[in-house]
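Trainee: Got a structure here, written out as structure tokens. Questions coming.
Each value in this text was obtained by applying a stated rule to the coordinates, not by laboratory testing. What you see is a predicted model, and the numbers here were worked out from it, not measured in a lab. No Cβ is skipped: glycine too gets one built from the backbone with ideal geometry, and neighbour counts run over all protein chains shown.
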Amino acid sequence: MSTIGPEIERLIQLLAKLPGLGPRSARRAALDLLKKREALMQPLALALQDAAAAIKTCEICGNLDTASPCALCRDSRREGSILCVVEDVADLWALERAGVFKGRYHVLGGALSALDGITPERLNVTSLLARVADGVEEVILAMNATVEGQTTAHYLLDTLAASGVKVTRLAHGVPVGGELDYLDEGTLSAAFKARRAL
Ligand SMILES: [Zn+2]
């Protein structure tokens, strides 16, 4: 691989860190970018730079936006008494695409995993409890149907029990092992509407 030069080598190494891209697809992506330098590579580099400079993590919900609090937290038309807890911003995006939820979100920043050393302290749990204590009536647990997601949901259910808040979770329609981001909007919408109390 010494024939391709350090700049391209570095580009490939960085691309290979992206989810879903192994070394092979990273090489193909790098080559494609180099072939489309003006049409794709330079606009992409600019977009990356702009996003890196402008995007903030919302101090309230953990969403990504150009402002903190984010547009969803600032939107007074959204129901403040219902909180939908998701693992990741991608799940928030999936729910927004489905357009089923008009309350507010809380992004945990991951799911509990003993294997990966993800403990409750590494997730945005303290801020969730603070928000719940501040006049929330229903918490919807919208975790992925994975082992980690379900472990997290059980943990949150236990942790929220003392607050007396109503806790619901997404119903049927989320297949075992399913991640919200991969569900079509109809399935997600059905799972949301049929959520059940815990
Ligand atoms: Zn927010």
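Trainee: Any idea what angle helix 23-35 forms with the longest principal axis of the chain, computed on alpha-carbon atoms, 0 to 90 degrees, nearest 10?
Mentor: Approximately 60 degrees, to the nearest 10.
Trainee: Can you pull the three principal axis extents for the Cα set of the stretch 50-107, in Å, largest first?
Mentor: Principal-axis extents of the Cα atoms in the stretch 50-107, largest first: 31, 21, 16 Å.
Trainee: Restrict the search to the stretch 1-89; then list the trypsin sites (Lys or Arg not before Pro) that DSSP places in a loop and that have at most 13 other Cβ atoms within 10 Å of their Cβ.
Mentor: When the trypsin sites (Lys or Arg not before Pro) of the stretch 1-89 are filtered for loop state and at most 13 Cβ neighbours within 10 Å, LYS17, LYS36, ARG77 remain.
Trainee: Taking the mean number of other Cβ atoms within 10 Å as a proxy for protection, how do you rank 46-54, 95-103, 112-120 from highest to lowest?
Mentor: Ranked from most to least packed, the peptides come out as 95-103, 112-120, 46-54.
Trainee: Additional query: Suppose R0 equals 30 Å. What FRET efficiency, 1/(1 + (r/R0)^6) with r the Cβ-Cβ distance, do ARG97 and ALA47 give to the nearest 0.05?
Mentor: 0.90
Trainee: Using each residue's phi in the stretch 90-100, evaluate 6.51 cos²θ - 1.76 cosθ + 1.60 at θ = phi - 60° and report the 3J(HN,Hα) Karplus result to the nearest Hz, with x for Gly and Pro.
Mentor: Those phi angles translate into 4, 6, 4, 4, 4, 5, 5, 4, 6, x, 8 Hz.
Trainee: Give me Rg/Rg_expected for the stretch 97-198, where Rg uses Cα atoms only and Rg_expected = 2.2 N^0.38 Å with N residues.
Mentor: So the stretch 97-198 has a normalised radius of gyration of 1.05.
Trainee: Tell me the mean residue ellipticity at 222 nm calculated for the chain from its helices only (DSSP H runs of n ≥ 4, each -39500 (n - 2.57), averaged over every residue, nearest 500).
Mentor: -12500 deg cm²/dmol
Trainee: How large is ³J(HN,Hα) for each residue in the stretch 125-134, as worked out from phi by the Karplus curve 6.51 cos²θ - 1.76 cosθ + 1.60 (θ = phi - 60°), to whole Hz, x for Gly and Pro?
Mentor: 8, 4, 5, 5, 4, 5, 5, 4, 5, 9
Trainee: Calculate the FRET efficiency for LEU31 and ALA54 from the Cβ-Cβ distance with a Förster distance of 25 Å, rounded to the nearest 0.05.
Mentor: 0.30
Trainee: Moving on to the next point. Mind checking the alpha-carbon convex hull of the stretch 17-60 and giving the volume per residue in Å³?
Mentor: 86 Å³
Trainee: Give me the angle, in degrees from 0 to 90, between the Cα long axis of helix 42-54 and the longest principal axis of the Cα atoms of the chain, rounded to the nearest 10.
Mentor: The answer is roughly 40 degrees.
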